[in-house]
Amino acid sequence: MSEIQTSSGIDLIHGKVEKRNAGYFYVRNGKQFYRNREETYQKNQSPRQKWNSAAFAYANRELAKLRATPELEAQLRSEYEAANHLASNGKTYSTLWAWKFNSLLYDYKQSHPFASSLYS
């Protein structure tokens with residue numbers, strides 16, 4: 001924590017000045033301070049959140065691979081039409097990519113069932 005000297009009380013700053021700042025300003029006993037703060041709240045996930053994050057990452061990776069190959073899009077479109085826009089999780093989706101993304105999520109979660117001991 002470092003003390004910042006200001007000329008008057010009007011110059012005291014609270015919070016982050018910019019979104020990209022690593023830390024924030026605060027005032028204690030009329031003095032200005034700056035503290036670096038690591039944003040770790042996203043790293044502290046419950047086991048179920050880790051499982052969902054892993055499924056989301058898998059679906060995004062696979063969808064990127066599918067989008068990179070244009071010849072697979074025609075095959076996916078025919079599968080999408082044959083399924084009447086109904087995904088494997090029982091929901092209907094309006095676009096091909098939403099349908100495939102949610103199918104990939106569902107498939108990952110079925111092949112990797114949630115077990116809290118694995119993700120702790």
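All of the numbers you see were taken from the coordinates with simple rules; none came from a lab. For clarity, every value in this text was computed on a predicted model and none was experimentally measured.
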ask   = Given the Cα-Cα distance of R28 and S111 and 0.36 nm per residue of separation, how much length would full extension add, in nm?
value = 24.6 nm
ask   = Expressed in nm to one decimal, what extension gain is obtained for the pair F56 and S94 from 0.36 nm per residue of sequence separation less their Cα-Cα distance?
value = 11.7 nm
